[in-house]
1. Out of Asp578, Asp588, report the one residue that is more than 24 Å from Arg497 (Cβ to Cβ) and charged (D, E, K, R).
2. For Gln137, which of the numbered conditions (1) modelled with pLDDT of 95 or more; (2) farther than 17 Å from Val169 by Cα fails to hold?
3. Quick test for you: out of Leu360, Leu327, pick the one residue that is open to solvent by less than 10 Å² (accessible area, probe 1.4 Å) and of a type outside the set (Phe, Trp, Tyr).
4. I'm trying to understand the selection: among the residues of region 388-419, which are among the charged types (D, E, K, R) and more than 26 Å from the chain's Cα centre (by Cα)?
5. Can we say Met313 is more than 24 Å from the chain's Cα centre (by Cα) and under 24 Å from Gly200 (Cα atoms)?
6. Determine if region 582-591 includes at least one residue that is out of contact with any strand residue (DSSP E or B) (no Cβ under 8 Å at 6 or more places or on another chain) and modelled with pLDDT under 95.
7. Which ranges mark the helices (runs of 4 or more DSSP H) fully within region 147-245 that have 1 or more residues being of a type in the set (A, V, I, L, M, F, W, C), touching a residue at least 24 places away in the same chain (Cβ under 8 Å) and open to solvent by 40 Å² or more (accessible area, probe 1.4 Å)?
8. Cβ-Cβ below 6 Å, separation at least six or inter-chain, first residue in region 635-654 and within 14 Å of His328 (Cα to Cα), second small (Gly, Ala, Ser) and not in a helix (DSSP H, G or I): which pairs?
Amino acid sequence: MSRISQAQEGGAGELLAQLMETANDSIYQVPTHAPGPQGSLPLSPEILREWASGDLFGLTQSVGMGWDPSRVLGSHVLVLSTQGGIREADGTPVALGYHTGHYEIGLLVRAAAEQLRSLGAVPFSAYVSDPCDGRSQGTTGMFDSLPYRNDAAMVMRRLIRSLPTRKAVLGIATCDKGLPATMLAVASQGATPAMIVPGGVTLSPTEGEDAAKIQTIGVRYARGEITLEEASELSCRACASPGGGCQFLGTAATAQVVAEALGLTVPHAALAPSGQPIWEELARQSATTLMRMVSQGIGVRDILTDEAIHNAMVVHAAFGGSTNLLLHLPAVAHAAHLTVPTVDDWKRINQKVPRIVSVLPNGPVDHPTVRVFLAGGVPEVMLHLREAGLLFTKARTCTGYTVDEVLDWWQGSERRKRLRERLLEVDGVDPDDVILSPQRAEKRNMRSTVTFPVGNLAPEGSVIKSAAIHPSVVGEDGVYRHVGPARVFTSERDAIRAIKSGEVEKGDIMVLIGRGPSGTGMEETYQLTSALKHLSYGKHIALITDARFSGVSTGACIGHVGPEALAGGPIGKLQNGDVVEIIVNQVDLTGEINFLGTRDMRVTPEEGAIILAAREPHPGLGADPDLPDDTRLWAALQSVSGGAWSGAVYDVEKILKVIDAGKKALGLA
């Protein structure tokens, strides 16, 4: 019997004695005073007369924490990160983080702070840690994923404002929601100098599976396509290094790419391998750049312009980035008080921008993101885009230089030469086969990234990463066509169970409803899309939902369907066995998703719309019973602010108008 068990039998007093009493006598030697820091603060009559009491007390706090009093008046710089976990100096975990993406960025914080200190600044550090979309896939934890972004950005802005003596802000973040939240916070800083340090990527295992495929071990085991031993060994080594975002171009990697394309990072910062010297050096280079912004009076508003938003959208299309940035980039524009890009803007850009990066998960060759970094990353892609006349090259970056000036340096740089040579030397990969010229990409049939299908099931639109549909199910004319029976699900749990049990068959069209903002906080359904990708017959099954997808999702998977089912969208009226048609044209980036009646009675799309309008909603349709109140509030606020197509933001003026109108209607005004 344990000592605790014995104590429990002895009653509360004995248990508390076991818990609280110790033989370590030193804990009782409690001091009541201390000499305090030696020296004196460098105050002046002007400081004492003019400064607020909080600013003065802040100096006292700073030296109380050990800062040299003689250096306390240097420029105050906030280093704001999403760090999670506690690690020893040798990397041994003391407490785990939620994911590798935030586990090592404390090293970046330290490197940046040390550089700031060496430049005479006074660095402060604060943290708003972030969740892991991979860890919460298929769980109720996903109900907090997208809502977290707005809440975290709000907390970050409050922390920034809570340091009223700040002269600049350095955001350090890596992953799916933490980095977009940091970008929103930075974007709102206006005249204040601020920039981003991306947290980089983790390495792929020398032998094994990447972090995307490994998330399908459950369904592959259930379908007899992998053994228990294989699942156990492969999943143990999929995250081959302890830090960085996943090895594929998902939302984390795409957000890093977009941050750089916006001009918010130093050149060639996105997708660096976490923990490596070149990655840590980026923090020091960023700190130096930030202090240069301070000295030159460069604020975020000088970098984030409508032209910068355009450039980021162009680079997103060229990379074949995550569809989640259709939520995040409009939110960045909103935070910076810029023109918010519309669906028509995304369509226009994707129709004219070639996809030129060969990377997981889009292919045609599934290179991990570290190879994209070695091949030249964002500046290499932008060289091709500049040559094609697709960029606003006079846009300013955080370096103080224009896009043109940065790319001119990059083209002849030692960094570019050495890293591209390294890729060929270590992996035997030609960097021009990772980042291709538009002409080379066209020869390899690399099609543009995103299509926005409409139809009687999506009157307000939907989105599909059309570039990631398996080539074998696309016609020679570049059009994907699928007509099949609907298999309707009202929970992701039931949908994945049906896949694992074999109930979903080749040719079916899975329809997952009630999982949009109002039902689940617009959950991410990667466990479904990944299962379909990595099952031998999965490419012959399509998925339509009002939820969203992971940035690593592939296949004929259509999400963001609007209106969502719980807002009266026709998708919420489909029944099992209904005939559904999907058409996605990869050439002109148009598409349709339509209800075409039943097996016994086919109708036109127009007739189908009339039938759906007269139907009652699916009997199982409803908000998830486990939906948190926090997420219900988020759903309501973002809905009146313009909804998902406007970035799922909080538009304060719109929210206040709705509240005022509601108060008047209810007689509360």
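1. Values: Asp578 fails: more than 24 Å from Arg497 (Cβ to Cβ).
The unique qualifying residue is Asp588.
2. Gln137 satisfies every listed condition except (1).
3. Working: Leu360 fails: open to solvent by less than 10 Å² (accessible area, probe 1.4 Å).
After applying the criteria, what remains is Leu327.
4. Lys394, Asp404, Glu405, Asp408, Glu414, Arg415, Arg416, Lys417, Arg418
5. Here the answer is no, as Met313 does not meet what is asked.
6. Scanning region 582-591, I find at least one residue that is out of contact with any strand residue (DSSP E or B) (no Cβ under 8 Å at 6 or more places or on another chain) and modelled with pLDDT under 95, so the answer is yes.
7. Numbers: elements: 178-187, 217-222, 228-237.
Output list reads 217-222.
8. Gln638/Ala648; Val649/Ser641; Tyr650/Ser641
The values are calculated or read from the model by the stated rules, or taken from the named source; none is laboratory data. What you see is a predicted model; the values in this text were computed from it and never measured. Methodologically, a virtual Cβ is constructed for each residue, glycine included, from the backbone with ideal geometry; neighbour enumeration extends over all protein chains shown. Just the protein is used for accessible areas: all its heavy atoms, side chains included, with ligands, DNA and RNA removed. Shrake-Rupley method; radii C 1.70, N 1.55, O 1.52, S 1.80 Å.
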